Amino acid sequence: MNYNNAEITISAVSPAQYPATTVPEIALAGRSNVGKSSFINKFLNRKSLARTSSKPGKTATLNFYNIDNSFFFVDLPGYGYAEVSKAEREKWAKMINLYLTTRAQLITTFLILDARHKPTKDDIAMYEWIKARHGYVNIIVTKLDKLKKSKIDENIELIKKTLNFGENDVLLPFSAQSGIGVSEARELVEGLVTQ
Ligand code: GTP
Ligand code: MG
């Protein structure tokens, strides 16, 4: 796959705007500011294809990235941040739920978690939802560079325990800063989209 051939197709707010294609889609879900958009950039080796910000709530639409006409990454607004207004959060939740529950070519949703934190109630709910729809969950644990080496295993164990991680689930340690996990993420994606 040619990752240099990547572009944003549309920032959608309603189903009528979703791309009229049938290629597989992989959505990225997680708390605001966890690093969903940064994951896309690092995966594609692009600096700013997906807009990122240190302020939570950057991604406010469903952003469809066409990767070499082979699949789409769908960058979702984040959940769970009090700094985003309640009205805005409710609007995003509706938009996300509609996409996740109706889109036929959605092959999986990556759950993006911060390596430093125990999964929240919202993370657990998203994990359960992905599991119910797809049978198992791909989890990307990011910002690994922010953890001391000695803490990494401990935190990953806590994440697994909190989510009730199953034997079919996949957990991939990642860092958009150091690049750890990029080649594994590409392998994972290629396996999923060529099935
Ligand atoms: P929303 O669009 O608000 O939901 O956020 P997001 O999940 O898309 O997060 P985004 O990619 O915008 O990143 C949020 C902040 O975290 C930015 O300041 C990024 O530079 C930073 N960040 C993301 N990934 C990493 C990482 O792996 N390591 C470090 N050190 N910082 C990261
Ligand atoms: Mg974002």
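Work out which GluC sites (Glu not before Pro) in the chain are exposed loop sites (DSSP not H, G, I, E or B, at most 15 other Cβ within 10 Å) and give the longest gap free of them. Intermediate results must be reported in sequence, preceding the final value.
Numbers: sites that count: GLU83, GLU167.
Between exposed loop sites, the widest span is 84-166.
Can you tally the net charge around ASP114? Count Lys and Arg as +1, Asp and Glu as -1, for every other residue whose Cβ sits under 12 Å from the Cβ of ASP114.
Cβ neighbours under 12 Å give a net charge of +4.
To check you understand DSSP bridge types, tell me what percent of the beta bridges within segment 42-195 (both residues inside) are antiparallel, rounded to 5.
Details: 5 of 14 bridges.
Around 35 percent of the beta bridges assigned by DSSP in segment 42-195 are antiparallel ones.
Could you work out how much longer the chain between LYS47 and GLU88 gets when fully extended? Use 0.36 nm per residue separation minus the Cα distance between them, nm to one decimal. Don't jump to the answer; show the numbers that get you there.
Working: separation 41, 0.36 × 41 = 14.76 nm, distance 2.75 nm.
Gain on extension, LYS47 to GLU88, equals 12.0 nm.
Roll a 1.4 angstrom probe over the protein heavy atoms and tell me the percent of accessible area of segment 6-193 that is carbon or sulfur. Show your work: numbers first, answer last.
On the way: 4470 of 9180 Å².
Heavy-atom surface of segment 6-193 belonging to carbon and sulfur, 1.4 Å probe: 49 percent.
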### Query
Under 14 Å Cα-Cα from LYS160, which aspartates and glutamates qualify once same-chain neighbours fewer than 8 residues away are excluded?
ASP114, ASP123, GLU128, ASP169
### Query
Between VAL13 and GLN105, what length in nm is gained on full extension when 0.36 nm per residue of separation is reduced by their alpha carbon distance?
31.4 nm
### Query
Just how large is the dipole of segment 72-195 about the Cα centre, in debye to the nearest 20, putting +1 at every Lys and Arg Cβ and -1 at every Asp and Glu Cβ?
320 debye
### Helix-derived mean residue ellipticity, 222 nm - over the chain, DSSP H n ≥ 4, -39500 (n - 2.57), to 500
-11000 deg cm²/dmol
## Note on the structure
With 0.36 nm assigned to each residue of separation and the Cα-Cα distance removed, ASN164 to LYS148 gains 3.3 nm
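Averaging the inverse of every distinct alpha carbon separation and then flipping it gives the Kirkwood radius. What is it for the chain, in angstrom units?
Details: mean 1/r = 0.0596 Å⁻¹.
Evaluated over the chain, this radius sits at 16.8 Å.
The values are calculated or read from the model by the stated rules, or taken from the named source; none is laboratory data. Not measured: the values here are computed from a predicted model. Every residue, glycine among them, receives a Cβ derived from its backbone with ideal geometry; neighbour counts consider all protein chains shown. What goes into the accessible areas is simple: the full protein's heavy atoms, side chains included, and nothing from ligands, DNA or RNA. Shrake-Rupley method; radii C 1.70, N 1.55, O 1.52, S 1.80 Å.
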